[in-house]
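Peer 1: First the structure, which I've put down as structure tokens, then a few questions once you've had a look.
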Amino acid sequence: MTRRVDEAMTDAPGGTAGPDTASAPPARPPGHDAELVALARELVALDSVNPDLDPSGAGEVALAHALRRRLDASGFSTTLIGPGARPSLVARRRGTGGGRTLLLSGHLDTVGVRTYADGPFAPRVDGDQLWGRGAYDMKGALAAGVLAAERATAGDELAGDVVLAFAADEEFGSIGTEAVLASLDTAEIDGALVLEPTGLELGVAHRGFAWFALEVHGRAAHGSQPEQGVDAIAGMLRLVAALDADPAPCAPEQGHPLLGTSTLRVATLEGGVDAATVAPHCRATIERRTLPGETPAVVRAALEATLARAAGSDVSFQLTELVSRPAFEAPDGSAVVAAVDRAAVAELGALPDRRGDPWWTEAALFADAGIDVALYGPAGGGAHADAEWLDLPSAATHVRVLERVLRDVCG
């Protein structure tokens with residue numbers, strides 16, 4: 001069964017968390033994993049706000065060291081990669097030999113807490129929900145990955161290696177995962193699961209993006225004599241209207257069965273010098289969300305063709321690519337997808353729904369490195385919002401499914 005992205009799980013209604021139970025473990029209904037709840041609470045209590053998003057954020061260092069201490073004690077060999085203030089953690093438990101290697105990927109950083117409703121680093125449990133910044137995106141999944149890896153390797157019976165790669169800076173520039181991939185022999189990684197929250201659905205596709213700067217050049221003149229200048233703002237408005245009217249650079253005709261069509265929007269617009277002067281310049285940033293198979297070069301060529309038609313001979317413009325990230329789609333016959341399917345059927349009695357997401361994830365970086373990858377994580381809500389929560393029963397299921405996957409792939 002597959003579902004389009006617009007049918008996928010949505011965040012729960014807004015609101016603050018329940019009563020503060022941080023001082024003592026709460027009563028937990030059947031289905032909770034007490035060790036998971038304890039570890040997830042410990043991780044949420046550590047400020048790991050990305051300082052590139054909020055300069056007051058603590059960064060990933062405390063969280064990376066806390067996880068390193070735990071995994072060292074569990075028999076993993078651990079390495080910190082990257083600058084001391086922004087470390088990423090790679091932990092490996094070697095198998096007995098002759099088996100396949102599976103990597104579990106997650107990110108250490110969170111978005112900021114300036115608007116967070118109440119106690120972002122005071123995790124509390126209310127029924128089936130763990131509240132706090134990062135509980136859903138994605139410290140609950142980090143805890144699940146750690147526990148699954150520890151439990152799967154506890155008897156030293158796996159033939160293959162289990163690797164955990166918990167990276168800094170996913171919420172901004174992905175410098176952590178880029179450094180992790182550069183440090184690994186990716187040919188030795190047989191598969192990877194990115195543990196972003198997916199509501200126990202199997203993420204097999206997501207969009208990419210390309211950001212462009214569009215500049216229009218005019219000529220200044222006195223505002224009372226506009227005919228003596230060239231108004232860059234008027235030229236820009238003409239180009240923006242053309243982009244809005246022409247769907248060709250925005251959406252390939254065939255679309256995508258899980259991702260639908262792509263999107264194009266003007267993200268920022270600025271120009272002119274003052275109220276009394278014809279604007280000599282105007283600048284916009286354009287965001288184009290891409291589908292699997294689309295390259296930045298193809299997107300840029302389509303945009304430039306539309307802009308050139310609209311500009312004619314009297315509007316001078318320049319289009320510059322700022323940054324781009326590829327879209328992702330798991331290949332047909334993916335061994336990682338098949339392993340999650342088998343584990344979910346064994347644990348839950350049914351195949352997980354397939355999903356495609358409109359946002360970008362670091363699964364695309366693993367795919368670009370030639371690694372078979374998919375996304376699988378727990379349920380919850382409030383990612384990047386004013387209150388955030390993890391669904392604890394789904395997180396417990398996440399642990400059990402991951403442990404089965406590790407035993408299947410690495411055993």
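Peer 1: Please state, as a whole number in µm²/s, the translational diffusion coefficient that the Stokes-Einstein equation yields for region 167-215 at 25 °C and 0.890 mPa s, with Rh defined as the Kirkwood radius across alpha carbon pairs. Kindly include the intermediate steps, with their values, before the conclusion.
Peer 2: Details: Rh = 13.8 Å.
In µm²/s, the coefficient rounds to 178.
Peer 1: Mind listing P(r) for region 275-327? All alpha-carbon pairs, 5 Å bins, whole percents.
Peer 2: Over region 275-327, the share of Cα pairs per 5 Å bin runs 4, 15, 25, 21, 14, 11, 6, 3, 2, 0 percent.
Peer 1: Here's something else I'd like to know. Give the longest segment of the chain that steers clear of GluC sites (Glu not before Pro) in DSSP loops with at most 13 neighbouring Cβ atoms within 10 Å, not counting the sites themselves.
Peer 2: Values: sites that count: E157, E253.
Result for the longest clean stretch: 254-411.
Peer 1: Averaged over all directions, how much area does the convex hull of the C-alpha atoms of region 298-411 cover when projected, in nm²?
Peer 2: On the way: hull surface 44.7 nm².
Computing the convex hull of the Cα atoms and averaging its projections yields 11.2 nm².
Peer 1: Compute the angle between helix 296-311 and the longest alpha-carbon principal axis of the chain, please, reported from 0 to 90 degrees and rounded to the nearest 10.
Peer 2: The helix 296-311 is inclined about 20 degrees to the chain.
Peer 1: Roughly what angle does helix 61-73 make with the longest principal axis of the chain, taking Cα atoms, 0 to 90 degrees, to the nearest 10?
Peer 2: So the inclination is approximately 30 degrees.
Peer 1: With charges only on Cβ, +1 for K and R and -1 for D and E, what is the dipole size of region 234-330 about its Cα centre, in debye, rounded to 20?
Peer 2: 60
Peer 1: Per residue, how big is the convex hull around the C-alpha atoms of the chain? Give it to me in cubic angstrom, could you? Each step should come with its number before you reach the end.
Peer 2: Details: hull volume 64.2 nm³, N = 411.
Cα convex hull per residue, to the nearest whole number: 156 Å³.
Peer 1: Taking 20 °C and 1.002 mPa s as the conditions, I'd like the Stokes-Einstein D for region 346-411 in µm²/s, using the Kirkwood hydrodynamic radius from alpha carbon pairs. Write down the numbers at each step before the final one.
Peer 2: Values: Rh = 14.2 Å.
It diffuses with D of about 151 µm²/s by this estimate.
Peer 1: Now, a different point. Over the heavy atoms of T79, what accessible area does a 1.4 Å probe trace out, to the nearest 10 Å²?
Peer 2: 70
Peer 1: How far, in degrees from 0 to 90, does helix 232-245 lean away from the longest principal axis of the Cα atoms of the chain, to the nearest 10?
Peer 2: So the helix axis and the longest Cα principal axis differ by about 60 degrees.
Peer 1: Regarding region 122-190, what is the average projected area of its C-alpha convex hull, in nm²?
Peer 2: Average of the hull's projected areas for region 122-190 equals 6.7 nm².
Peer 1: Given 4 °C and 1.567 mPa s, compute D for region 159-280 with the Stokes-Einstein relation, Rh being the Kirkwood radius over Cα pairs; round to the nearest whole µm²/s. Mind dumping the intermediate values first?
Peer 2: Numbers: Rh = 19.6 Å.
Rounded to a whole number, D works out at 66 µm²/s.
The values are calculated or read from the model by the stated rules, or taken from the named source; none is laboratory data. Predicted model, so just to flag it, every value in this text is computed and none were measured. We place every Cβ from the backbone using ideal geometry, glycine too, and count neighbours over all the protein chains shown. The area values use the complete protein model at the heavy-atom level, side chains included, leaving out ligands, DNA and RNA. Shrake-Rupley method; radii C 1.70, N 1.55, O 1.52, S 1.80 Å.
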